[in-house]
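Since the structure comes first, as C-alpha cells, the remarks are kept for the end.
The values are calculated or read from the model by the stated rules, or taken from the named source; none is laboratory data. Quantities reported herein were computed from a predicted structural model and do not represent experimental measurements. Here the Cβ positions follow ideal geometry from the backbone for every residue, glycine too, while neighbour counts run over all protein chains shown.
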Amino acid sequence: MAHLKGSERAAYVKNMFGRIAGRYNLMNRLMTGGQDMKWRRFVVKQAQLKTGDKLLDLATGTGDIAFEALKSVSSLQVVGGDFALPMMQVGQTLPMGKQVGWTGADALNLPFAENAFNAITAGYLTRNVIDLPRMFAEQLRVLKPGGRLVLLDSSPPKNNIFKPFIEIHLRFIIPLLGRIVAGKNGADAYQYLPSSTQAFKTPEELAAMMTKAGVRNVQFRTFMLGTMAVHWGEK
C-alpha cells in the first residue's frame, strides 16, 4: 500500500480508486464530518476564476471540485482529468455531470497543450503521485502565464496534544468506516489513506517543493487541526 514504489504504487492507486468509486463521496462526507466540501470551496476561491476561464481539475474523481467551480463562476470551461475511469463514470451520472469535459489523464503525462488553462485544481492527488517534480513540471507546462495552481491534500499530524487523538482516527476509525461503508473490496483503501497521509510531506515541505519546481508566490492554509492543507501559487 503506502510502502509501494514507482509503477507498482501507481497501479495500486488506480485500481483502488476504481473499486471504491461508488462509495467515495459518502466516505468523504463521513470521514470529515462534511467539512471536505468547505475545503473544496476554498480551493475554488483560491483559483481566482473569472467568467470564460478554462479550468483543469486533476484527480477530479467524481467531480466535487469541478462542480463547485461551475457553481461559482458563469460560463466556465471545466475539464476533469483522472486516471481512475470508474470515478469519473460516477461523476458523469451526477446532476452537473454533463457540464464537465471528462478526460482520462495521467498527472505525470498530461494530454494537453502548453498554456492551455487559466487554473489547475487538484484534490487528493499530490499524496498519491510517484514523481512530484514531474507532476509540477506538467502542471506548469499546461498553465497559462499567471495561471493559478491550487492543491488540496491531507497532511501528517503535527506533534502537539491533538496528535494521539488524530492517530486514533487515522489508524482505527477511518479503516472501520471503510469496512462498513465500502465493504470488503474497498477496505484496504481506507488503510492506505491513513498510512499514506502519515508518510506524506508536511505543509511546509510541500510548499518548499512547489517553490523549487518554479511555482511563484506559494502559500498554504491548514484545516482540521492541521491534517488537511490547501496550497496555492502561480506560474
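In table form, for the structure just shown:
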| read-out | value |
| --- | --- |
| Single residue of segment 39-67 satisfying the filter (free of Cβ contacts under 8 Å to residues at least 60 places away in the same chain and among the charged types (D, E, K, R)) that is farthest from P86 (Cα to Cα) | K45 |
| Residue tally, condition under 20 Å from G233 (Cβ atoms) and outside any loop (DSSP other than H, G, I, E, B), over segment 98-122 | 6 |
| Of residues in segment 104-118 being farther than 18 Å from M87 by Cα and surrounded by fewer than 20 Cβ atoms within 10 Å (Cβ to Cβ), the one nearest to the chain's Cα centre (by Cα) | L108 |
| Of residues in segment 35-61 being of a type in the set (S, T, N, Q) and buried (at least 21 other Cβ atoms within 10 Å of the Cβ), the one farthest from P145 (Cα to Cα) | T60 |
| Pair list, Cβ < 6 Å and 6+ apart or interchain, from segment 219-235 residues that are in a strand (DSSP E or B) to residues that are crowded, with 19+ Cβ neighbours inside 10 Å and among the charged types (D, E, K, R) | E234/R148 |
| Conditions (1) surrounded by fewer than 21 Cβ atoms within 10 Å (Cβ to Cβ); (2) modelled with pLDDT under 85: number failed by Q89 | (2) |
| From the options T32, T121, residue that is surrounded by 15 or more Cβ atoms within 10 Å (Cβ to Cβ), of a type in the set (V, I, T) and at pLDDT 95 or above | T121 |
| Members of segment 40-93 that are assigned to a helix (DSSP H, G or I) and among the acidic types (D, E) | D64, E68 |
| So P133, is it within 17 Å of the chain's Cα centre (by Cα) and in contact (Cβ under 8 Å) with a residue 24 or more places away in the chain | yes |
| Search result, residues across segment 188-232 that are in contact with a helix residue (DSSP H, G or I) (Cβ under 7 Å, 6 or more places away or on another chain), farther than 24 Å from A119 by Cβ and hydroxyl-bearing (S, T, Y) | Y190, Y192, S196, T197, T227 |
| Tally, over segment 130-139, of residues that are buried (at least 20 other Cβ atoms within 10 Å of the Cβ) and over 20 Å from G101 (Cα atoms) | 2 |
| The listed residue being of a type in the set (A, V, I, L, M, F, W, C) and modelled with pLDDT of 75 or more, out of L193, L151 | L151 |
